[in-house]
Amino acid sequence: MRSRGLLGIACVTAGVAASGWTWSTVFGCPFCSAPSLTMTEQLDQANAALLVKWVGGQPAKDQDGGFTEYEVVDIVSQPAGGKLAKGTKVKLVRYRAAKAGDLYMLLGTTAGAVIDWGSPIEVTEDSFTYVKNSPKPDLATKERLKYFLKFLEHPNPMVSTDAYGEFANAPYADIAAIATEYPREKLRTWLSDTQISPSRLGLYGLMLGLCGKDEDAIVLEKKIFEPTSEFRLGIDGIMGGYLLLTGEKGLALVEEKKLADKHVPFSETYSAMQALRFLWQYGEGKFEPERLRQSMRLLLDRPELADLVIADLARWKDWSVQERLMSIYGKDEYDIPSIKRAVVRYMLACSKDMKAAELDVTNATLHLADLEARDPKTVSDAKRFFFIK
């Protein structure tokens, strides 16, 4: 749909929303891009973990890949009965160029009595110490996060990236549970620092919203409403934190400047939509459900978002827009297959809602019959992948 392609990775959730009618719990931070396995997870999966230093080796020649030799500097773990000790030499197939004394971490899994070593991971003393001292995965997540909180903006990129990954993979409930631990002053600084990775701003905005005060809301508001035509990573999390902190007053401002204003860039409106979804799932009574539905309904005026909005309104059991949806079906900018399928599925969901008002169910059933008579192919296509969870 025209401008939606500009969003790239930000619309992964949108694709999910458009394809079906389920809305499962988000198991990681709602506004974070989770990386691959964190170092703690890799360490937990390994049977052996060593800090080694590069000694030398034999460069590759012809069909021979050569070898590299390392010396054990420290031992995190090894299999029961293992004979590794400081000063032990470890030889790995394939030559890897380095300088004498360069540090690496080796992670290995056992294959019988033999340790199968993975590729060496370049480390420094401080990054290795960070990994070695990191809490085990079996500790309660909220307690583990207190350790990683201290390293979010560590000068070593490996450390800071890994610490961020722990938050990105953590459930929202655990992120919220340690809000009193958050460094408010640092969060405000990080949100204003142009050198901070934009991918982290969503997390930092959410964290400030969880722990902040009135003066922090001003910082978030300034960030959200500064003039921009650029796609901004993390602005959805900043909006989410701002709305947690400001409540109804903040929502009215977001409605005015991000939802109702059709001149706002698509990415900004979509981010505000994501913030509404976050509040619906995690707001914990901060807003009445009907108040959030009211905000979401404003986005029906944006054809480029209509299919996603209709899906959300159905999940939120807002059956008040039936007549509106029938009036836009197949009209002008709404004459797009994804929107028409969304309308059909909305009516299907309402017709099968055992708790809906009888009049709503009756109207939805009649609208379905009308749509099937007018557009049988679309109705058939929409039913093929329709399911409710």
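Brief remarks follow.
- Checking each residue in the range 191-240 for being closer than 15 Å to Glu153 by Cα and among the aromatic types (Phe, Trp, Tyr) picks out only Tyr204.
- The strands (runs of 3 or more DSSP E) found entirely in the range 55-163 that carry 3 or more residues being more than 37 Å from the chain's Cα centre (by Cα) and not aromatic (Phe, Trp, Tyr) are 67-77, 89-93.
- Phe287 assigned to a loop (DSSP other than H, G, I, E, B), crowded, with 18+ Cβ neighbours inside 10 Å and of a type outside the set (A, V, I, L, M): yes
- The residue list Val90, Val52, Val72 contains one member that is among the β-branched types (Val, Ile, Thr), within 24 Å of Ser160 (Cβ to Cβ) and either loosely packed, with under 13 Cβ neighbours inside 10 Å or in contact with a strand residue (DSSP E or B) (Cβ under 9 Å, 6 or more places away or on another chain) (or both), which is Val52.
- Every residue from the range 258-284 that is in a loop (DSSP other than H, G, I, E, B) and surrounded by 20 or more Cβ atoms within 10 Å (Cβ to Cβ): none
- Count of the range 311-320 residues which are assigned to a loop (DSSP other than H, G, I, E, B) and touching a Phe, Trp or Tyr at 6+ places or on another chain (Cβ under 8 Å): 1
- The range 327-353: number of residues that are surrounded by fewer than 15 Cβ atoms within 10 Å (Cβ to Cβ), at negative phi and either basic (Lys, Arg) or over 33 Å from the mean Cα position of the chain (by Cα) (or both): 3
- The lone exception for Leu348 - which of (1) within 20 Å of Leu276 (Cβ to Cβ); (2) part of a helix (DSSP H, G or I) it fails: (1)
For (1) surrounded by fewer than 20 Cβ atoms within 10 Å (Cβ to Cβ); (2) free of Cβ contacts under 8 Å to residues at least 12 places away in the same chain; (3) charged (D, E, K, R), each residue gets a yes or a no:
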residue: Val123; (1), (2), (3): no, no, no
residue: Asp126; (1), (2), (3): yes, no, yes
residue: Lys132; (1), (2), (3): yes, no, yes
residue: Lys136; (1), (2), (3): yes, no, yes
residue: Leu139; (1), (2), (3): yes, yes, no
residue: Pro157; (1), (2), (3): yes, yes, no
residue: Phe167; (1), (2), (3): no, no, no
residue: Ala176; (1), (2), (3): yes, no, no
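- Ser36 modelled with pLDDT under 95 and touching a strand residue (DSSP E or B) at 6+ places or on another chain (Cβ under 6 Å): no
- Any hit, the range 77-99, residues being within 20 Å of Met158 (Cα to Cα), at pLDDT 95 or above and in contact with a helix residue (DSSP H, G or I) (Cβ under 6 Å, 6 or more places away or on another chain): no
- All told, Asp360 falls short of being outside any helix (DSSP H, G or I) and either charged (D, E, K, R) or farther than 24 Å from Pro289 by Cβ (or both).
- Residues in the range 110-121 that are surrounded by fewer than 14 Cβ atoms within 10 Å (Cβ to Cβ) and either under 23 Å from Pro155 (Cα atoms) or of a type in the set (Val, Ile, Thr) (or both): Val114 only.
- Number of the exception - Arg2 against (1) crowded, with 18+ Cβ neighbours inside 10 Å; (2) at pLDDT below 75: (1)
- Being among the acidic types (Asp, Glu) and over 20 Å from Gln274 (Cβ atoms) is a property that does not hold for Asp301.
- Considering the conditions (1) free of Cβ contacts under 8 Å to residues at least 60 places away in the same chain; (2) outside any helix (DSSP H, G or I), Phe231 is excluded by exactly one of them, (1).
- Pairs are defined by a Cβ separation below 6 Å, a sequence spacing of at least 6 or placement on different chains, a first member in the range 246-263 that is within 16 Å of Val219 (Cα to Cα), and a second member that is buried (at least 16 other Cβ atoms within 10 Å of the Cβ) and aromatic (Phe, Trp, Tyr); the pairs so defined are Gly250/Tyr242.
The values are calculated or read from the model by the stated rules, or taken from the named source; none is laboratory data. Worth saying up front: this structure is predicted, and the values here are computed from it rather than measured. Note that we place each Cβ from the backbone using ideal geometry, even for glycine, and neighbour counts take in every protein chain shown.
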